[in-house]
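The values are calculated or read from the model by the stated rules, or taken from the named source; none is laboratory data. It should be emphasised that the depicted structure is a prediction, and the values quoted were computed from it without experimental measurement. Note that we place each Cβ from the backbone using ideal geometry, even for glycine, and neighbour counts take in every protein chain shown.
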């Protein structure tokens, strides 16, 4: 019987394939080396048998006629779509020779290694870049404005990242005896159902809603969550930081915060000098005192007490530090100065945002803010889940630290059903997220010195191991302080997706001597490379996934022509570039990274997935109380003070505002009323489609059928004013350029905003330039600038620009 | 009720999030070309008083739905029901599903075959 030959393989999703951040268990039905069908694995705790549209379309993806199936080198000019098939041996030799020449003549930092969204790629791109000797691993988005900034900002004030708790830490999930369902969840700028980003399964929130969780949805757009929310706060894009200040204002004014947490676990009691507006340090009090120790006022002894950062304790354990008040302190110089507490400073900042002011900035009614903040603060437990909207604004850190303060001050940090610390299972780190260091690193710290932007922007220096994207792009043109000569681009779309102002990127690529692109299909980006290498999908590789919990393997199920998994490609080249590369096989490397788990790759593969035991640092709850977060095992947080820092000591040292606040972004009707006259609509972008992951899947028939065109959502009244009918092609235009989209008249967007779909190119159109798969036709990035990133080198105004819209003239549309 | 129309699909449209898994699961199961399949998801935007709106998605079984007979006779749930990301679809005997419907609002029972 034919069916007897079909074998069913258990494995885990992680790109390439569905494109997402992976983790779902699947069953792949394979016969004669072909994928017949893919199904959700009912035993897998993450998805419990469910599966998304993109994963279910894998049969059309794996065997797609347009898949890259063998290595090729450019045979014509860049962008002419002329290619010559070569063998892997030739490809490796060619790349080795070209890249070694660049290294010899210009230094290893002259090669940039470009990666896209959080796939099974970061560890292996870093492995290659570091073996080559370059610290310049680049995430191609302006201001690196996706996820990384959130992690780096949170690391600044609370040490470890934290995420909403859907009992994902336990194999028995919601049946875990210690688990509690959140009474309230804030969904902040996220339509997570559509793509399951950030290592979270979007429908966990739907599961929670069925169990009673009530939603506060913060989104200008009417999302599915917005429709079903107890409160839907439709803020003006870019004003999120004003809204969080309003929330904090309510919880402080109404005294809805956890006083015990404030006194015991934050640096609220630490004193700030009135004269310098800086934290008072032990070195101010005592001639040889440590500058890393801080000072509070003890109401018992009516004197100063020193917070010993190394001991994570006050020197006098019987002291009662005051979180509020002004105190006169004598310095070792004999000078007497007045100080106030960090908590008072925090409250003063928050007091600048009475709800009427917040309503004026955000457009959200004051009463709704008050009711929402009160509901969140009184709910036990309550969680926050935030999306990329928080990264996509220049003042990302002042926003993110405000949201962190909200969950911390309301006592929702690392409690069941709150925001719990997300640690790597068994401390196995391959994809070293901001704030984490893994075994894949540069040989010496010295080699990190030339990393672009790392000397200028301290979050990059301390937490975020990438080069600053905007500065890198500029450096390609200026060649200062050193020239950029080559780029390795792996499963990333700098032209069609990651790159804002793509014309500038197009010119930049022409400046480079050598470009390698590794991908699954040709894209506008691969068309500009000198060598193109065919990557395998997740079904074609052995790998493992250590992104929080669980630890799991990805198992090779099949092989497609000459395609090779990303990590096998990079492993071969890493060996060629680094004479000291210490691993013989990829599995030796896997075993080495997996060591902290006590399992080899093969052992883990036999299990499929593994959950860390209770009592380990990667298993919740209350870890800061149990001493499970810090390397020294003392209770507290992995911050310079060991406390949750309402007033950031690091940001003070870095000369950046230490506390949350609102900054109006650069291109809004408020900051640029001059531009608003010509471009009256707010241009937002990036709403997710369940059919696509960013720029991918436009060539998968079942998925394209769901979302066939680049859509511009326009409110019906706005459309009428602009004489635009439903389904008509329209131009979006601003001072940077224009692009055309298909109008969808829908009240899900407010009258004053349009929402343009992102990541559009047309795999069915002509590959050669100037078409480049029609990528210039409907790419919204042409209206979003580079170089508008935040003061700390992170965040950028991607979701709030300005535009006008008008109907396309007959003959201007070539789509149909 | 005729015995021929004994089974149906119960949709809890309060929880359908518009993930389209049902649509692609069906296309995969029966290898339908894009544009065809046993179930299609519809977006419905309801206008409510005071300028409010409500967004609903509703999977609709088409003329091509066979209620996954090849699967159900093996004891497997229909492909759409199995993969539904929000678990808002139930397959079963119409009478049982009708009883289930009385437990909560925003439900619809389809008897496509």
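Out of all the residues in segment B:52-63, is one or more within 14 Å of another protein chain (Cβ to nearest Cβ), more than 17 Å from the chain's Cα centre (by Cα) and either within 20 Å of residue B:92 (Cβ to Cβ) or modelled with pLDDT under 95 (or both)?
yes
Of the numbered conditions (1) within 26 Å of residue A:23 (Cβ to Cβ); (2) surrounded by 19 or more Cβ atoms within 10 Å (Cβ to Cβ), residue A:645 fails exactly one; give the number of that condition.
In the conditions (1) within 26 Å of residue A:23 (Cβ to Cβ); (2) surrounded by 19 or more Cβ atoms within 10 Å (Cβ to Cβ), residue A:645 misses (1) alone.
Among the residues that make up segment B:69-78, is at least one of them under 27 Å from residue A:708 (Cα atoms) and within 11 Å of chain A (Cβ to nearest Cβ)?
no
Going through segment A:494-535 one residue at a time, which ones are closer than 15 Å to residue A:125 by Cα and either under 26 Å from the mean Cα position of the chain (by Cα) or free of Cβ contacts under 8 Å to residues at least 24 places away in the same chain (or both)?
Restricting attention to segment A:494-535, the residues satisfying the condition of being closer than 15 Å to residue A:125 by Cα are A:515-519, A:533, A:535.
Within segment A:494-535, A:515, A:516, A:517, A:518, A:519, A:535 meet the criteria.
Please state which of the following conditions residue A:46 fails to meet, knowing it meets all the rest: (1) crowded, with 24+ Cβ neighbours inside 10 Å; (2) away from every other protein chain (no Cβ under 14 Å); (3) in a loop (DSSP other than H, G, I, E, B).
(2)
Mind counting the residues in segment A:220-267 that are in contact with a strand residue (DSSP E or B) (Cβ under 7 Å, 6 or more places away or on another chain) and within 14 Å of chain B (Cβ to nearest Cβ)?
14
Based on this model, can you work out whether residue A:165 counts as out of contact with any helix residue (DSSP H, G or I) (no Cβ under 9 Å at 6 or more places or on another chain), touching a residue at least 12 places away in the same chain (Cβ under 8 Å), under 30 Å from residue A:795 (Cβ atoms) and not assigned by TED's automatic domain parsing to the domain that holds residue A:799?
Working: out of contact with any helix residue (DSSP H, G or I) (no Cβ under 9 Å at 6 or more places or on another chain): yes; touching a residue at least 12 places away in the same chain (Cβ under 8 Å): yes; under 30 Å from residue A:795 (Cβ atoms): yes; not assigned by TED's automatic domain parsing to the domain that holds residue A:799: yes.
Against the criterion (out of contact with any helix residue (DSSP H, G or I) (no Cβ under 9 Å at 6 or more places or on another chain), touching a residue at least 12 places away in the same chain (Cβ under 8 Å), under 30 Å from residue A:795 (Cβ atoms) and not assigned by TED's automatic domain parsing to the domain that holds residue A:799), residue A:165 qualifies.
Which of the helices (runs of 4 or more DSSP H) contained wholly in segment A:628-715 include at least 1 residues that are out of contact with any strand residue (DSSP E or B) (no Cβ under 9 Å at 6 or more places or on another chain) and within 14 Å of chain B (Cβ to nearest Cβ)?
A:701-704
Of the residues A:505, A:488, A:465, which is outside the structural domain of residue A:759 (by TED's automatic domain parsing) and either on the phi > 0 side of the Ramachandran plot or at pLDDT below 95 (or both)?
Working: A:505 fails: either on the phi > 0 side of the Ramachandran plot or at pLDDT below 95 (or both); A:488 fails: either on the phi > 0 side of the Ramachandran plot or at pLDDT below 95 (or both).
Matching residue, one of A:505, A:488, A:465: A:465.
I need a count of the residues in segment B:20-40 that are more than 8 Å from chain A (Cβ to nearest Cβ) and over 11 Å from residue B:64 (Cβ atoms).
2
Just give me the residues in segment A:65-81 being out of contact with any strand residue (DSSP E or B) (no Cβ under 7 Å at 6 or more places or on another chain) and either in contact (Cβ under 8 Å) with a residue 12 or more places away in the chain or over 17 Å from residue A:509 (Cα atoms) (or both), in sequence order.
A:65, A:78, A:79, A:80, A:81 - these are the residues of segment A:65-81 that are out of contact with any strand residue (DSSP E or B) (no Cβ under 7 Å at 6 or more places or on another chain) and either in contact (Cβ under 8 Å) with a residue 12 or more places away in the chain or over 17 Å from residue A:509 (Cα atoms) (or both).
Listed residues A:238, A:268; which is at positive phi, under 30 Å from the mean Cα position of the chain (by Cα), outside any strand (DSSP E or B) and surrounded by 15 or more Cβ atoms within 10 Å (Cβ to Cβ)?
It is A:238.
Of these, A:550, A:565, which one is closer than 27 Å to residue A:147 by Cα and either touching a residue at least 60 places away in the same chain (Cβ under 8 Å) or out of contact with any strand residue (DSSP E or B) (no Cβ under 8 Å at 6 or more places or on another chain) (or both)?
Residue meeting the stated conditions: A:550.
Please name all residue pairs, on different chains or six or more residues apart, with Cβ atoms under 6 Å, provided the first residue is in segment A:198-212 and is within 9 Å of chain B (Cβ to nearest Cβ) and within 24 Å of residue A:145 (Cβ to Cβ) and the second residue is in a helix (DSSP H, G or I) and modelled with pLDDT under 95.
Qualifying pairs under 6 Å: A:202/A:192; A:202/A:193.
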